[in-house]
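There's a structure below that I have some questions on.
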Amino acid sequence: MPNLTNRARWWIVVVFALAMAWVESAVVYYLRTVIDRIDPYQSNPFPVIGGLGPVELARELATMIMLFTVGMLAGQTWRSRLGYSALAFGVWDIFYYVFLKCAIGWPPSLLTDDILFLLPLPWVGPVLAPLIVSICLIAAGATIVRRDAAGPPVVIAPLRWLFIVAGGALVLATFLLDTGATIHHQLPGRFNWFLFTTGILVGLSAFVSALEHK
């Protein structure tokens, strides 16, 4: 995309992410209908789905590759590519739930539990949690892209990267805490909002401090 304006790049990434969000919500609607899990948290939240399992895992991986690829194509530097990828992921994830709500009326609330992802193990948590992560990714990605175009670029020192990765690891750990229960067909326990919030704050604090460092 060498001859496109920054605004055009933004729109291409956003429109692509919106289209991917609709595809994702449609596929999940079909899959949940087939396995009778429109509401995934029944007495058996993670049923055996036979040959569909490996196909679904591959589809999730393909979706991540596609979102990452559009960021790589839209950006002109490694920073803007990272920013556009974060922007695409955030828009995709938020509108996946918006479109699912429009299509089948699910989830009934932002605190409804969901099976969020299957790689490398099932992620579980309330819908609100991934939405918060996606809002942070959109804000961070948009900031990186804007600063990369208008200056000064966002420069994240190794120590700040360490804190960002640590914050992300805490958030990921929160989603994986009840993986064992889900695999064994049990409903998860209470979501650990303290651990989740700690991870978000650690990562955001490191990123914001990088913005203030010229």
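Here's a check for you: in segment 190-214, which residue that is part of a loop (DSSP other than H, G, I, E, B) and either within 24 Å of Pro152 (Cα to Cα) or over 22 Å from the mean Cα position of the chain (by Cα) (or both) is modelled with the highest pLDDT?
Restricting attention to segment 190-214, the residues satisfying the condition of being part of a loop (DSSP other than H, G, I, E, B) are 190-192, 213-214.
Checking which are either within 24 Å of Pro152 (Cα to Cα) or over 22 Å from the mean Cα position of the chain (by Cα) (or both) leaves us with 213-214.
Details: His213: 63, Lys214: 55.
Filtering segment 190-214 for residues that are part of a loop (DSSP other than H, G, I, E, B) and either within 24 Å of Pro152 (Cα to Cα) or over 22 Å from the mean Cα position of the chain (by Cα) (or both), the one modelled with the highest pLDDT comes out as His213.
Kindly check whether there is at least one residue in segment 80-102 that is closer than 23 Å to Ile156 by Cβ, among the aliphatic types (A, V, I, L, M) and surrounded by fewer than 21 Cβ atoms within 10 Å (Cβ to Cβ). Break it down stepwise before answering.
Of segment 80-102, the ones closer than 23 Å to Ile156 by Cβ are 80-91, 93.
This time we only want the ones that are among the aliphatic types (A, V, I, L, M), so: 82, 86-88, 91.
Adding the requirement that they be surrounded by fewer than 21 Cβ atoms within 10 Å (Cβ to Cβ) leaves none.
Looking for residues that are closer than 23 Å to Ile156 by Cβ, among the aliphatic types (A, V, I, L, M) and surrounded by fewer than 21 Cβ atoms within 10 Å (Cβ to Cβ), one finds none in segment 80-102, hence no.
Quick one: Ala62 ticks every box in (1) assigned to a loop (DSSP other than H, G, I, E, B); (2) surrounded by fewer than 15 Cβ atoms within 10 Å (Cβ to Cβ); (3) at pLDDT 65 or above except a single one, so which number is it?
For Ala62, the failing item is (1).
Same structure again: Do any helices (runs of 4 or more DSSP H) lying entirely in segment 90-186 carry at least 1 residues that are among the polar types (S, T, N, Q) and touching a helix residue (DSSP H, G or I) at 6+ places or on another chain (Cβ under 7 Å), and which ones are they?
Numbers: elements: 128-150, 158-176, 179-183.
Per the criteria, 128-150, 158-176.
Looking at (1) under 25 Å from Thr33 (Cβ atoms); (2) modelled with pLDDT under 95; (3) of a type in the set (Asp, Glu), can you tell me which one Asp148 breaks?
Unmet for Asp148, out of (1) under 25 Å from Thr33 (Cβ atoms); (2) modelled with pLDDT under 95; (3) of a type in the set (Asp, Glu): (1).
Something else now. Examine segment 157-170 for a residue that is among the β-branched types (Val, Ile, Thr) and modelled with pLDDT of 85 or more, and state whether such a residue exists. Walk me through how you get there before you give the answer.
Just the residues of segment 157-170 that are among the β-branched types (Val, Ile, Thr), to begin with: 164-165.
Imposing the further condition that a residue be modelled with pLDDT of 85 or more reduces the set to 164-165.
Within segment 157-170 (the criterion being among the β-branched types (Val, Ile, Thr) and modelled with pLDDT of 85 or more), the answer is yes, since at least one residue qualifies.
Need pairs with beta-carbon distance below 6 Å; first residue free of Cβ contacts under 8 Å to residues at least 60 places away in the same chain and within 24 Å of Leu118 (Cβ to Cβ) and within segment 158-173, second surrounded by 13 or more Cβ atoms within 10 Å (Cβ to Cβ) and of a type in the set (Gly, Ala, Ser); sequence gap 6+ or separate chains.
Pairs that qualify, where the first residue is free of Cβ contacts under 8 Å to residues at least 60 places away in the same chain and within 24 Å of Leu118 (Cβ to Cβ) and the partner is surrounded by 13 or more Cβ atoms within 10 Å (Cβ to Cβ) and of a type in the set (Gly, Ala, Ser), are Gly167/Gly199; Gly167/Gly203; Gly168/Gly203; Leu170/Gly199; Val171/Gly199.
Collect the residues in segment 1-33 that are basic (Lys, Arg) and either under 15 Å from Val98 (Cα atoms) or surrounded by 16 or more Cβ atoms within 10 Å (Cβ to Cβ) (or both), keeping them in residue-number order. Working first, answer last.
Just the residues of segment 1-33 that are basic (Lys, Arg), to begin with: 7, 9, 32.
Of everything in segment 1-33, those that are basic (Lys, Arg) and either under 15 Å from Val98 (Cα atoms) or surrounded by 16 or more Cβ atoms within 10 Å (Cβ to Cβ) (or both) turn out to be Arg9, Arg32.
Here's a follow-up. Can you tell me which of Pro130, Pro107, Pro122, Pro126 is modelled with pLDDT of 95 or more, at negative phi and in contact with a strand residue (DSSP E or B) (Cβ under 7 Å, 6 or more places away or on another chain)? Outline the logic, then answer.
Working: Pro107 fails: modelled with pLDDT of 95 or more; Pro122 fails: modelled with pLDDT of 95 or more; Pro126 fails: modelled with pLDDT of 95 or more.
Just a single option satisfies the conditions, and that option is Pro130.
Being in contact with a Ser or Thr (Cβ under 6 Å, 6 or more places away or on another chain) and crowded, with 21+ Cβ neighbours inside 10 Å narrows it down to one of Gly125, Gly71, Gly141, Gly75, so name that one. Before you say what the answer is, go through the steps one by one.
Details: Gly125 fails: in contact with a Ser or Thr (Cβ under 6 Å, 6 or more places away or on another chain); Gly141 fails: in contact with a Ser or Thr (Cβ under 6 Å, 6 or more places away or on another chain); Gly75 fails: in contact with a Ser or Thr (Cβ under 6 Å, 6 or more places away or on another chain).
Result: Gly71 is the single residue among Gly125, Gly71, Gly141, Gly75 that is in contact with a Ser or Thr (Cβ under 6 Å, 6 or more places away or on another chain) and crowded, with 21+ Cβ neighbours inside 10 Å.
Determine the pairs where a residue that is within 19 Å of Glu56 (Cα to Cα), located within segment 93-117, has a partner that is among the aliphatic types (A, V, I, L, M) and part of a helix (DSSP H, G or I) with Cβ atoms under 6 Å apart, the partner being 6 or more residues away or on another chain.
Tyr96/Ala21
The values are calculated or read from the model by the stated rules, or taken from the named source; none is laboratory data. Everything quoted here is computed from the prediction, not taken from an experiment. Heads up, the Cβs are rebuilt from the backbone with ideal geometry, glycines too, and the neighbour counts pull from every protein chain shown.
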